[in-house]
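What follows is a short report on a single structure.
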Amino acid sequence: MACVAFNSATFLCSIEKPASKSFNWDSSSVFFTSSTHKLKTNSLLCRGFIRVSNGFSCLRSSSRPFKCFGQTSEQSNSGGGVGSSEKNNKGVSEEKLVVLVIGGGGREHALCYALKRSPSCDTVFCAPGNAGISNSGDATCIMDLDPLNSSAVISFCRKWGVGLVVVGPEVPLVEGLANDLVKAGIPTFGPSAEAAALEGSKDFMKKLCYKYGIPTAKYKTFTDATDAKKYIQEQGAPIVIKFDGLAAGKGVVVAMTLEEAYEAVESMLVEKVFDSADSRVVIEEYLEGEEASFFALVDGENAIPLESAQDHKRVGDGDTGPNTGGMGAYSPAPIITEELKSLVMRSIILPTVKGMSAEGCKFVGVLYAGLMIEKKTGAPKLIEYNVRFGDPECQVLMLRLESDLAQVLLAACRGELSGVSLKWSSGSSMVVVLASKGYPGDYKKTKGTVIRNLEEAENVAPSVKIFHAGTSVDSDGNYIAVGGRVLGVTAKGRNIEEARDRAYQAVDQIDWTEGFFRRDIGWRALPQKQLSNKG
């Protein structure tokens, strides 16, 4: 392929047909724009990959348009990738990273957004990604790359010189994707399958807590429904019933009555609603207080805290209704003071990191601790661990992060977090989740419904960013809903009040009658009189 510059922004590329049989050619020329890295042609050029000698590369699958990304200098020699290099302030050449994000939800969109802004990051791929991620330009989506197929992921990484893989969702982690990538020599931010058991098994987590003195609620584990119900009767209500395995954020029932607790046990152990042959439940004491989310990056031995955040798990206003994956969040969370942050690191995070290392399964990745700040004592207790960024907490955190995320995550992979510090924007951020009517239950009737005015919503203020979780595009180019949680409308402000105002102003612009959202996100951090005025 030869390229001739017409001016400082545009190149005309004439292309010779290669020997590879994987290419299907329909045209002989194409325009690239160096400032936006987008094609300026409607013609279908090829299916597959093109590497352009002047420093542009182009990627297309058989069902998606081209995505083009620029390079500031010569091609990287590592694995034939598309990374670039540039000189730092000492005149030393530093290779820029090609990053692959695994996943396709709102969390992964937020990670792609932050990585795209990282000065050390050259290119961001996302597999499988979603329509919103692709169309926003935050990443090049590889929709036909199966995240659970380790061999395919490794092959892709080697072909494109991927220098960092960031695994977003829990399932690939529990299935061992990080194990396979690390074994293949590919830096991977995310724990091994053994370490991911902190989320994959509530029983595993509770046993670790008891062994290493990490404060948590008292509990017992059961496989027999009769025994479980007997224990519930002895303990009384309220009480908490948790499915032992992965349940997409829906495996926890806070039962306020004995009847609710019995129903939860029946559902999990007898009806096996989570489709597990050897179902187990963990039954915990009910802790009264305020919940908060605490995140820490871990490199196997060291841990550094992220900014605080607080989410809203219940589906309805006033924290009513069933638990969901999260209906909104804000950062920072006033309840997480600097004193409390220090206490959480000392009593919960660091003992967990040391305990996992002692157990022979060092943890590398992000520890997401769900905490209960007890009403009576003000002391934090661990409710649960997730082994990945929370969703939607990740959205509000990535909007505020000012550090180079790619370099920070790479430092964690290399065991070099001890000297890392993070920079955050001042003020607050908030995300309001738009979900399909029926969620967290059956929302089939909303699938394929059209969502309009997203561009108008994002233009409400420069600080507004919409993260896509469950969207696709129909034949007319309209965004449509294909999931339960569909959009995360996120905004920054000088304080929590301004962030909330901007987020809800953006939400009001969106035209989607088949969706719904909570109107009280941030209520714990807002003065009650203001909430009543704006609700």
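Derivation of every value follows stated rules applied to the coordinates shown; laboratory data play no part. Model, not experiment: these values are computed from the prediction. All Cβ positions, even for glycine, are placed from backbone atoms using ideal geometry, and neighbour counts span all protein chains on display.
Enumerate the amide H contacts of residue 473 below 5 Å, restricted to partners 5 or more residues apart or on another chain; note that Pro and chain-start residues carry no placed amide H.
480
Grab the beta carbon distance between residue 159 and residue 472, set R0 = 41 Å, and tell me the FRET efficiency rounded to 0.05.
Efficiency for this residue pair is about 0.95.
Starting at the first residue of segment 431-447, write each ³J(HN,Hα) from the Karplus equation 6.51 cos²θ - 1.76 cosθ + 1.60 with θ = phi - 60°, in whole Hz, x for Gly and Pro.
With coefficients 6.51, -1.76 and 1.60, one gets 10, 10, 8, 9, 10, 6, 4, x, 5, x, x, 6, 10, 4, 5, 8, 5 Hz.
For a label point 7 angstrom out from the Cα of residue 290 toward its Cβ, which stretches of segment 315-339 have the backbone nitrogen within less than 14 Å?
Flagged as within label range: 330-339.
What are the ³J(HN,Hα) values, in whole Hz, obtained from phi via the Karplus relation 6.51 cos²θ - 1.76 cosθ + 1.60 with θ = phi - 60°, for each residue of segment 103-118 in sequence order, with x given for Gly and Pro?
Result, ordered by residue: x, x, x, x, 4, 5, 4, 5, 5, 4, 4, 5, 5, 4, 7, 6 Hz.
What does a probe at residue 117 reach in segment 418-447, counting residues whose amide N is under 16 Å from the point 7 Å along Cα→Cβ?
The answer is 422-431, whose backbone nitrogens lie closer than 16 Å to the label point.
Considering only Cα-Cα distances, which of the following residue pairs are longer than 23 Å: 96/341; 218/375; 211/242; 206/381; 211/376?
Over 23 Å Cα-Cα: 96/341; 211/376.
On full extension of the chain, what length is gained from residue 275 through residue 403, given 0.36 nm per residue of separation minus the C-alpha to C-alpha distance?
Separation in residues times 0.36 nm, less the Cα-Cα distance, equals 41.9 nm.
Over segment 177-242, what is the relative contact order in percent, taking alpha-carbon pairs closer than 8 angstrom and at least six residues apart?
Relative contact order of segment 177-242: 17 percent.
For a Förster distance of 56 Å, can you work out the FRET efficiency between the beta-carbons of residue 494 and residue 357, rounded to the nearest 0.05?
Between residue 494 and residue 357 the formula returns 0.85.
Would you please give the FRET efficiency between residue 416 and residue 377, computed as 1/(1 + (r/R0)^6) with r the Cβ-Cβ distance and R0 = 30 Å, to the nearest 0.05?
Computed FRET efficiency for residue 416 and residue 377 comes out at 0.25.
Along the Cα→Cβ direction, 7 angstrom out, place labels at residue 424 and residue 221. What is the inter-label distance in nm?
3.4
Where the centroid of each part is defined by its Cα atoms, how far is segment 301-316 from segment 220-292 in Å?
Taking the Cα centre of segment 220-292 as reference, the centre of segment 301-316 is 24 Å away.
What does the extension gain come out to for residue 447 and residue 256, with contour length at 0.36 nm per residue minus their alpha carbon separation?
Gain on extension, residue 447 to residue 256, equals 65.5 nm.
Compute the Rg/Rh shape ratio of segment 218-286: radius of gyration over Kirkwood radius, all on alpha-carbon atoms.
Rounded to two decimals, Rg/Rh equals 0.92.
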